[in-house]
1. Cβ-Cβ distance below 8 Å, separation of 6 or more or different chains: which pairs start in region 92-116 with a residue that is within 14 Å of residue 207 (Cα to Cα) and assigned by TED's automatic domain parsing to the domain that holds residue 208 and end on one that is assigned to a strand (DSSP E or B) and hydrophobic (A, V, I, L, M, F, W, C)?
2. Of the residues in region 105-136, how many are under 15 Å from the mean Cα position of the chain (by Cα) and either β-branched (Val, Ile, Thr) or more than 25 Å from residue 92 (Cβ to Cβ) (or both)?
3. From the list 211, 183, 222, which one is modelled with pLDDT under 85, of a type outside the set (Phe, Trp, Tyr), surrounded by 15 or more Cβ atoms within 10 Å (Cβ to Cβ) and not assigned by TED's automatic domain parsing to the domain that holds residue 107?
4. Within region 54-71, is even one residue more than 14 Å from the chain's Cα centre (by Cα), within 29 Å of residue 257 (Cβ to Cβ) and either in contact (Cβ under 8 Å) with a residue 12 or more places away in the chain or buried (at least 16 other Cβ atoms within 10 Å of the Cβ) (or both)?
5. Filtering region 203-219 down to residues that are of a type outside the set (S, T, N, Q) and outside any strand (DSSP E or B), which residue is nearest to residue 105 (Cα to Cα)?
6. Mind counting the residues in region 225-236 that are farther than 25 Å from residue 49 by Cβ and modelled with pLDDT of 85 or more?
7. Over 19 Å from the mean Cα position of the chain (by Cα) and in a strand (DSSP E or B): does that describe residue 246?
8. For region 116-136, how many residues meet the condition of being under 16 Å from residue 66 (Cα atoms) and among the hydroxyl-bearing types (Ser, Thr, Tyr)?
Amino acid sequence: MHRILAIGLATLCWLVVCPVSEAQRSPDPEGQPTMLHEGALASYWIWHDIDGYHLRTTTAHDRRIFSGRVEFSGETGWAKAYQLRANDEVKLANDGIVFHLATDRNLNGFDFRMHSGSQATLTLQLDDDKGEKILGHVFVGQNNAHPISNPFTIYAAYMPGAPMTYPPTQPLSQPPAPMPPTGIAGQEPASVDFASDPPGADILIDGYFKGNTPSTLQLPPGQHMIQLQLRGYRPYMVTISLDPGSHPRISKTLEQP
């Protein structure tokens, strides 16, 4: 009896002296997850860097449905969609972001920002599962940490020298709707060289990520929308018409804002 009482008192003292705050129990979102890559097993990837907060989804299967909500505690209202597909949805609504993404082997998702000292509570769903079974599919920060509950909260850290306010509510931006290729089945594909200065830009063909510069890609003849984008630079967009068997080159020096 005395031993049980002693253990109880020791536990109580530990809780009083060493309280564990919700912020300490929440995953640290700083830094891009080191395991992030396209075509991973159905996964959410969430992190923070100098450009803000990022949520990405990907899967090794043909298609999985990622959906949920991000609720903010303070004044926010800024969001930017990333490589949305037809019928995907990311929208600002009632102090938060509501999203529904039909994701395949590519990455898609959205970015958002928070004031220093505020917080965001994320409620995530994978297909029909909106409970805690999906926590092993959620990776947060450069340590690839899993949250311990669903929903879970991430806290905005103070960044020295960072502005305390962000742009007011803006319409969500997303790539233009994919343009269907106009080529004829059986025609010889075109071979297109892509280059950029600096290199490493994402190559989007008709709204779909296909690789990074420099690359040579085989594309069906016809009209295609080409986009080169690299963080910190203005995206470059051009529409081209490819002849069967042609070998054009698309090279662009990207400009900073």
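The values are calculated or read from the model by the stated rules, or taken from the named source; none is laboratory data. Remember, predicted model here, so these are calculated numbers, not experimental data. Please note: Cβ atoms are built from the backbone with ideal geometry, for glycine as well, and neighbour counts cover all protein chains shown.
1. Short answer, once both residue conditions are applied: none.
2. So the answer is 1.
3. On the way: 211 fails: surrounded by 15 or more Cβ atoms within 10 Å (Cβ to Cβ); 222 fails: modelled with pLDDT under 85.
183 is the lone residue from the list that is modelled with pLDDT under 85, of a type outside the set (Phe, Trp, Tyr), surrounded by 15 or more Cβ atoms within 10 Å (Cβ to Cβ) and not assigned by TED's automatic domain parsing to the domain that holds residue 107.
4. no
5. First, the residues of region 203-219 that are of a type outside the set (S, T, N, Q): 203-211, 214, 217, 219.
Narrowing further to those that are outside any strand (DSSP E or B): 206-207, 214.
Values: 206: 16, 207: 14, 214: 21 Å.
Top of the filtered list is 207.
6. 1
7. In short, no.
8. We begin by selecting, within region 116-136, every residue under 16 Å from residue 66 (Cα atoms); these are 122-136.
Going one step further and asking which of them are among the hydroxyl-bearing types (Ser, Thr, Tyr), we end up with 123.
Here the count works out to 1.
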